[in-house]
């Protein structure tokens, strides 16, 4: 039980010198990568840059204690940082003390929710988020993030949660464009793009080994940070209008307290839930993909606990909401991370950075951090999902399109909610009109097939219907309508037999409908029968009064039903 | 097309003298029954009594033009009146002009929504309301209504939308109890209860014919109205503290205008939608039951149009939201109503009542009307639904219990919303963990059965899984977890075959999951195959890139799959 919820007791016992070496190497590479990223995502979330480092130290350590993935790297990520900015921006002004407290509170609430979902094994509520909704949401978020950061590269202050608002503030800010900022921002973006696409091949062509090329490539963003910081410091570019990060305290993460103000908690409840679920879904899918590569398993319910602990940690140490990041986890995995200890070592590395590195980033241009984010999020933007969804199914396309449009047009919360609502609605709509086939017998066999597709034998007084869906509230009324429609125009009908081989469930609404169908058919002088009812479904029916009221019989096989009812030509007395 | 949306063109053409006679007789009986009911439900909705008559005149006529049921009687009903009082009470104080305008607006919005749902054939959204939720809601509403009317019988003013608030105001009002009101109210309640249960048999014992006994019984409530009005008038009981209806104008329905204030419309949007859907569901189920008795059909989408027109009519003629009532429709049917013209004649009867009868109800005690309502709604209260649901399924029980508790504890809107939300959630939860059976071959046959239930043959390198549910977003992740869990602990596995005979749909989320499963199994050296994929599902898969990436094959039958993979002992090269 204890080692179920504290996986470290399991892998810690088997920890060896070889795994230590692998973990240390992975931690070094991830630390180098995380320093600029953490600073950048803090800015995106509207927080001071050091909060990004703080959000990566204690949370990573707590995840290492409770998480089940050996490769997942936890910390601030782009989409969750954007959602944080949107949620906290609604309750406090950026830069104020209230803003930081609200961000801590959001992290604390998200942590508590994740923990509760994990302890009560409610991870299935993440199922509400269909893949098209997630894909559409991430693409739209990427567009929103890139647009907002584009302002920092131009030296223009952007505002707003929607694409229209962001573009509007970009256009209206154009007269105040800072050419020097643009020069630095464009150069950094170009360089980082080259780092991502062309640096490694170039280093290999220069004769460097694959391992070394890889490490240098990972350090690329740090090169950009160092170079632009030196430029800004050397030439005093902050006086020339280039926004720089400014003074950053050199300290370990502080002890902080989230707010317990009920009004604030009420305002942040929905965003906290959405952040929790989106973060969990993202994180689990990365963790599962990486675990499968080594034929390992993660436990989703325990992942909820790990992420919950990480977010609670962020709330008490000056951070903001965190989750498992895709890019950094892949880097961690590729660099050979063997256990969650790699994460703990990364946290130590970042703690060293927070103590000794922070004084040197005073002159780091914000445009460089914006460039880091833009290059990272553009890989998230994938509009091809629209085409793929269109080709595959109109319902999925509608869900993707609605999510993208509403996210861009009305913000992240509205976007996710619209996508989830629409996909549930479409699912209910689809299953509310199940495929019902009228079947007849294939001559010379005991097989029944659709009368519209096959040459089959039927009898005028006997209607055989195969329902290809479980019967539940969404389609209960449909079946009523369908059967009554079928028999009212056909005075010859004496028997209706429902072939239930594809019915995995009959809920109480469907039971009520069956009772209504039975009663209405009875008043018309028509007998209702069932055939091939599955065991668990039959168990339930036996606990209700339906079988007592049923005008006809329940047949083991449809063949038996038709044989009996044909022989009797409708005169068969009901038997139970 | 025209006669599709104007059913009167159809039945009007076939109208005969015989149907005229039947319709007139039914109209007479229903008119007598509706006069006290309409006044009472107006009071329940917080409206002046004449509004109840107005809400029964033009709306009935419009329904007769557009509706498809020959027996449905439209007008104010208990549950919808309660919902109206709750919704309008939130935006205006009872008795003010603003209250009446808000009620008109609510009727107008509900009418417009019903009309839109009908024209766009969106009636399926009523499927969101499962039968347990409706049953629970009606029972809880009946309790709320009876409690509030109990105050009128005691002569105590009750306030509040919840059971606690109503009981609280009853208790705190007890010192002001009016003994004379209680005497009249208790007598009226007792008499009406006897009318309902014992009057008809008593009349038959006196030797009256069944038809005459029936008509006199229907007129029972009118007798109570006349007797208590005469009492109150003769003894001047209004001076003794008995609340009476007071002056009522003698007039035909006035022309009124709903409000188009955006703030009011926003406030009433959710209640209007709930009232529309609850009213529609109730109405359609009554109409279908009665139609089936004569082997007739109603058209649900056209019913939406008929009810929408009726509510729009109510909005412009001094009414409030209306729908098809259960009791009055049954009376209409039993009295022999043959066409919707019976409704039109009822409307004429009520118009005559509004013109000539209203001056005489000045001294009608409100306690008499309260008694009418209490006797009517107590038949709606059916707590046995809790027991039946508990016996049948825990999920349905949870939905009923939540609906009843939240309706009683937090009001009608919260109750319906909680019930709908919970049943959708429970449905997703149930289908998110579908039944997956590992199957093996029954020796000597080509049949595959669950290895846990039957003695079957399996091969260690081959896992056959039968999924008993459509694959969609709610269970996509479950399947990923299930399959990875199954294979990670078993190094012998080389092939996984999914038997898809019960899979009626694979949506894009499930497709993504299948792709992830395929890729993860591939990295483990395991091949994924499908078998018995249904035609429409296969059509979709062929439009995606999945089949190209699939490491294994798609087999027509599971038998074929097992035969091929056993023969190759895992060495079979993938073929497509």
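Matching residues to (1) within 37 Å of the chain's Cα centre (by Cα); (2) part of a helix (DSSP H, G or I); (3) modelled with pLDDT under 90:
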position: A:463; (1), (2), (3): no, no, no
position: A:510; (1), (2), (3): yes, yes, no
position: A:518; (1), (2), (3): no, yes, no
position: A:522; (1), (2), (3): no, yes, no
position: A:552; (1), (2), (3): no, no, no
Checklist outcome for this item: Residue hits (the range B:422-445; surrounded by 15 or more Cβ atoms within 10 Å (Cβ to Cβ), out of contact with any helix residue (DSSP H, G or I) (no Cβ under 7 Å at 6 or more places or on another chain) and within 21 Å of residue B:395 (Cα to Cα)) are B:425, B:427
Next on the checklist: Based on this model, can you work out whether residue B:112 counts as assigned by TED's automatic domain parsing to the domain that holds residue B:369 and at pLDDT below 90?
Outcome noted: no
Checklist entry - Taking the condition part of a loop (DSSP other than H, G, I, E, B) and either crowded, with 21+ Cβ neighbours inside 10 Å or in contact with a strand residue (DSSP E or B) (Cβ under 7 Å, 6 or more places away or on another chain) (or both), does residue A:491 pass? => result no
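Condition check ((1) more than 11 Å from every other protein chain (Cβ to nearest Cβ); (2) under 16 Å from the mean Cα position of the chain (by Cα); (3) assigned to a helix (DSSP H, G or I)) across all residues:
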residue	(1), (2), (3)
A:385	no, yes, yes
A:389	no, no, yes
A:397	no, no, yes
A:400	no, yes, yes
A:403	yes, yes, yes
A:406	yes, no, yes
A:416	yes, yes, yes
A:420	no, yes, yes
Checklist entry - Can you pull out the residues in the range A:446-469 that are touching a helix residue (DSSP H, G or I) at 6+ places or on another chain (Cβ under 9 Å) and more than 8 Å from every other protein chain (Cβ to nearest Cβ)? => result A:446, A:447, A:448, A:459, A:461, A:462, A:463, A:464, A:465, A:466, A:467
Checklist entry - Quick check: is even one residue across the range A:226-234 over 30 Å from residue A:343 (Cβ atoms), modelled with pLDDT of 85 or more, away from every other protein chain (no Cβ under 14 Å) and touching a helix residue (DSSP H, G or I) at 6+ places or on another chain (Cβ under 7 Å)? => result yes
Item to check | residue B:444 on the phi > 0 side of the Ramachandran plot and either outside the structural domain of residue B:153 (by TED's automatic domain parsing) or at pLDDT 85 or above (or both) | outcome: yes
Next on the checklist: If a residue must be part of a helix (DSSP H, G or I) and surrounded by fewer than 22 Cβ atoms within 10 Å (Cβ to Cβ), how many such residues does the range A:115-124 contain?
Outcome noted: 4
Checklist entry - Residues of the range B:352-379 being within 30 Å of the chain's Cα centre (by Cα) and surrounded by fewer than 21 Cβ atoms within 10 Å (Cβ to Cβ), which ones? => result B:378, B:379
Checklist outcome for this item: Of B:88, B:80, the only residue that is part of a helix (DSSP H, G or I), touching a residue at least 12 places away in the same chain (Cβ under 8 Å), in contact with a strand residue (DSSP E or B) (Cβ under 8 Å, 6 or more places away or on another chain) and crowded, with 24+ Cβ neighbours inside 10 Å is B:80
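This table checks each residue for (1) outside any helix (DSSP H, G or I); (2) more than 28 Å from the chain's Cα centre (by Cα); (3) within 14 Å of chain A (Cβ to nearest Cβ).
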residue	(1), (2), (3)
B:250	yes, yes, no
B:273	no, no, yes
B:282	no, no, yes
B:288	no, no, yes
B:292	no, no, yes
B:298	yes, no, yes
B:305	no, no, no
B:310	no, no, no
B:318	yes, no, no
Checklist entry - Could you list, in sequence order, the residues of the range B:522-544 that are within 8 Å of another protein chain (Cβ to nearest Cβ) and in contact with a strand residue (DSSP E or B) (Cβ under 9 Å, 6 or more places away or on another chain)? => result B:540
Item to check | Check on residue A:161, within 31 Å of the chain's Cα centre (by Cα), closer than 23 Å to residue A:325 by Cα and not in a helix (DSSP H, G or I) | outcome: yes
Checklist entry - Which residue, of A:98, A:52, is over 17 Å from residue A:305 (Cα atoms), in a helix (DSSP H, G or I) and free of Cβ contacts under 8 Å to residues at least 12 places away in the same chain? => result A:98
Next on the checklist: If I go through the range A:478-503 residue by residue, how many of them are within 12 Å of chain B (Cβ to nearest Cβ) and more than 16 Å from residue A:556 (Cα to Cα)?
Outcome noted: 15
Next on the checklist: The conditions are (1) at pLDDT below 85; (2) in a strand (DSSP E or B), and residue A:477 fails exactly one of them. Which is it?
Outcome noted: (2)
Next on the checklist: Exactly one condition in (1) within 14 Å of chain A (Cβ to nearest Cβ); (2) without any contact (Cβ under 8 Å) to a residue 60 or more places away in the chain; (3) not in a helix (DSSP H, G or I) is false for residue B:127; which is it?
Outcome noted: (3)
Checklist entry - Only one of (1) in contact (Cβ under 8 Å) with a residue 60 or more places away in the chain; (2) more than 30 Å from residue A:514 (Cα to Cα); (3) within 13 Å of chain B (Cβ to nearest Cβ) is not met by residue A:410, so which one is it? => result (3)
Checklist entry - In the range A:374-383, what count of residues is obtained for those that are within 14 Å of another protein chain (Cβ to nearest Cβ) and in a helix (DSSP H, G or I)? => result 0
Checklist entry - What is the one condition in (1) surrounded by fewer than 21 Cβ atoms within 10 Å (Cβ to Cβ); (2) part of a loop (DSSP other than H, G, I, E, B); (3) modelled with pLDDT of 85 or more; (4) within 41 Å of the chain's Cα centre (by Cα) that residue B:503 does not satisfy? => result (1)
Checklist entry - Out of the range B:11-47, which residues are surrounded by fewer than 21 Cβ atoms within 10 Å (Cβ to Cβ) and part of a loop (DSSP other than H, G, I, E, B)? => result B:14, B:15, B:16
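The values are calculated or read from the model by the stated rules, or taken from the named source; none is laboratory data. Since the structure is predicted, the reported quantities are computational estimates derived from the model, not experimental observations. Counting neighbours? That spans all protein chains shown, and the Cβs are built from the backbone with ideal geometry, glycine included.
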